[in-house]
Amino acid sequence: MRRSSTISAGPTSVNNVTTKNIILIIVGIVAVLGLIVALFVGGITWFVFHTIGTSEAAETARTYLRNNETLKQDVGEVKDFGSIVTGQVNYQNAGGEATLHFKVIGEKKTVNATVDLSYRGNRGWRVTDASYVLDGQTVELMRPYEPAPSPSP
């Protein structure tokens, strides 16, 4: 009988990890990490848009746009606003400024409006400028030297 230097344990029971399996595992891990990052970024984005859209500045701007006669003449009675409000709200010490962009849905037309607001002390947000785009032309809603509207109750 000859002895061999190779020891054979019979059929192998060890899992065969092939290159294909390794690639599938890596792709799966990358996909899960990508999904986690996408959910995190999406959550932050939703939070920012939600915070801007429900802010006191946004409510003041919506009230101003609903009650503006020039806007009503062009688009009809304001029925609704788009679901996403964009722009920025900056607070500094006891004041702040905001520039907000709305989609205004009227009875006759839908336009994109921009409203600038200012906050000083504890006096609430006040509209300092407002405009919208109609057929490629910017229409100013506040005329120069016109006093800012009084805040709504």
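Using the 10 angstrom Cβ neighbour count as an exposure proxy, how do Y91, Y64 rank, fewest first?
Ordered by Cβ neighbours within 10 Å, fewest first: Y91, Y64.
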For D135, D116, D129, order by how many other beta-carbon atoms lie within 10 Å, fewest first: D135, D129, D116
Region 36-153 - Rg and Dmax from Cα coordinates, angstrom: 15.1, 52
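A short reminder: the numbers here are calculations on the coordinates, not readings from a lab. No experiment lies behind these values; they were computed from the predicted model shown. Here Cβ is always computed from backbone atoms with ideal geometry, including for glycine, and neighbour counts include all displayed protein chains.
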